[in-house]
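In what follows, a structure is listed as structure tokens, so that the remarks can point back to it.
What follows is calculated from the coordinates using simple rules that are stated; it is not laboratory data. Source: prediction; values computed, not measured. Virtual Cβ from ideal backbone geometry, glycine too; neighbours counted across all protein chains shown.
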Amino acid sequence: MIKVVKFGGSSLASAEQFKKVANIIHAEDSRRYVVPSAPGKRFSDDIKVTDMLYECYGLAAKGKDYQTSLKNIKDRYYGIINELGLDLSLEDEFKNIEAGFVGKSGRDYAASRGEYLNGIVLAKYLGFEFIDSAEVIFFDDYGNFDADRTNAVLSERLKNTEYAVIPGFYGSMPNDTVKTFSRGGSDITGSIVAKAVKADLYENWTDVSGMLVADPRIINNPKVISTITYKELRELSYMGATVLHEDAIFPVRKEGIAINIRNTNAPEDEGTMIVESTSKKPDYTITGIAGKRGFTAVSIEKDMMNAELGFGRKVLEEFEKNGISFEHMPSGIDTMSVFVNQEEFVKKEQEVLAGIHRNTHPDSIDIESDIALIAIVGRGMKSTRGTAGRIFSALAHAHVNVKMIDQGSSELNIIVGVEDADFEKAIEAIYDIFVVTRL
Ligand code: ASP
């Protein structure tokens, strides 16, 4: 059994957290490959080391005084090292980093040092080998992740390495400069390592006990999702539920490796299993609810629209020309509505409307803003009668007017559009009917 374990920034923010992490790793021999983030926040107003590094680099690269900023970063690491009682000096490392900053080695290089240094500290504390990700994770000339080269080199490198720490978030370019993934990218590194060693499980340790059925800012103490499929996760994260970097699922998904979201501060909790497919019935008919505010519906009306070949294409072309992607497109006989992101749309509104008028000669165009979209997602819906009925009766009882309905053909999700003002009330009503009263 091989497990790859990734620990997020809050799991490694202080010596106290390092101790919890070491206990978790040492509790199972199978936890062989460890991917750390940089030290994150210790309390809510704290600053992540990654952000401190960006700031320090910005000062140094502009020729401004960066000494205090650098000292604050050193203090974070030495605070951890001293409290853990480690015999480790990072002075040479910090000298190189300072030279890199002054020599303008780049923002990515700067940010990556957070994970790099944390990897060195954690490897020393665990007694594991440290492997610099710049030597095993690669990007191509265009800055895209080079999956083939990485997998070949990384799997070879780890073949005879029993226990190792491989820092998250970065790798190297063909010209040997350092490049990072986007923010939160250590999740991706964990997934890449899991694929390379053909892990049985990728454990992603964070500060929550898994993915929640609904947003805790809306629902008080929502239930944890025990098992979710990759497809369901995609639907929910697209609608704003975040627990994992979006790109982290791709390397493991292809290999059929499951991801287990776990809580460093409550290791006894089982967390959430993210799997390709499962015969496990969901705890409730729905797996999760997520939603976003701030959509605009552009509704176009024209007599005999249904008989006009290419009408929809001409309308969508105007959105495309202006760089606006659409979310949903419900239609009637002589009407079609295009749902778009409000913020993106307002910037190009007049161009889009003029274009639609010019190319399709509609009878009228109506615009309605401040719409929220809510996705009710669940593999359990396919085999259950009346899910949509229950959603709409719950919304009706809560006095929420439904503006749009869209059920994907996979029967994996139902999306409803409501007024922004009804957003929270709608989520509460749906959560209540499926999870609290379990109807
Ligand atoms: N430390 C990086 C960030 O703050 C990467 C990560 O934590 O995954 O985004």
Amide H contacts under 5 Å for residue 278, placed H, 5+ residues apart: none
Descending semi-axes in Å of segment 155-201, equivalent ellipsoid built from Cα gyration tensor: 20, 14, 8
Residue 201 long-range amide H proximity, modeled H, under 5 Å: 2, 4
Hydrodynamic radius (Kirkwood) for the chain, which is based on Cα pairs only, to one decimal in Å: 24.2 Å
Proximal aspartates and glutamates relative to residue 71, as straight alpha-carbon distance under 15 Å, when same-chain residues fewer than 8 apart are discounted: 51, 55, 91, 92, 93, 98
Beta bridge orientation in the chain: antiparallel %, DSSP, nearest 5: 65 percent
Placed amide H near residue 404: partners under 5 Å, 5+ positions off or other chain: 417
Exposure rule at most 16 other beta-carbon atoms within 10 Å, DSSP loop chymotrypsin sites (Phe, Trp or Tyr not before Pro): the chain longest free segment: 164-439
Filtered trypsin sites (Lys or Arg not before Pro), segment 332-439: DSSP coil and at most 14 other beta carbons within 10 Å: 382, 385, 438
Inter-part distance where segment 123-151 and segment 279-353 are each reduced to a Cα centre, Å: 41 Å
Under Karplus coefficients 6.51, -1.76 and 1.60, residue-wise ³J(HN,Hα) of segment 402-408 in Hz, glycine/proline x: 8, 9, 8, 9, 8, 10, x
Shape parameters for segment 137-227, alpha-carbon atoms, Rg then Dmax in Å: 16.6, 50
³J(HN,Hα) computed for each position of segment 298-308 - Karplus, 6.51 cos²θ - 1.76 cosθ + 1.60, integer Hz, glycine/proline x: 9, 10, 10, 10, 7, 4, 6, 3, 5, 8, 8
Percent of alpha-carbon pairs separated by more than 23 Å within segment 253-367: 51 percent
Residue range of the chain that is longest and free of GluC sites (Glu not before Pro) which are both DSSP loop and sparsely packed (at most 11 other C-beta within 10 Å): 269-439
Overall Cα dimensions of segment 1-110 - principal axes, largest extent first, Å: 50, 30, 25
23 Å tail of the calculated P(r), segment 293-439, as % of Cα pairs: 43 percent
12 Å beta-carbon shell around residue 398, net charge (K/R +1, D/E -1): -3
Low-density loop positions, trypsin sites (Lys or Arg not before Pro), segment 203-282 - DSSP coil, at most 13 other Cβ in 10 Å: 217, 280
Low-density loop cleavage sites - trypsin sites (Lys or Arg not before Pro) in segment 116-202, where at most 12 other Cβ are within 10 Å (DSSP): 183, 198
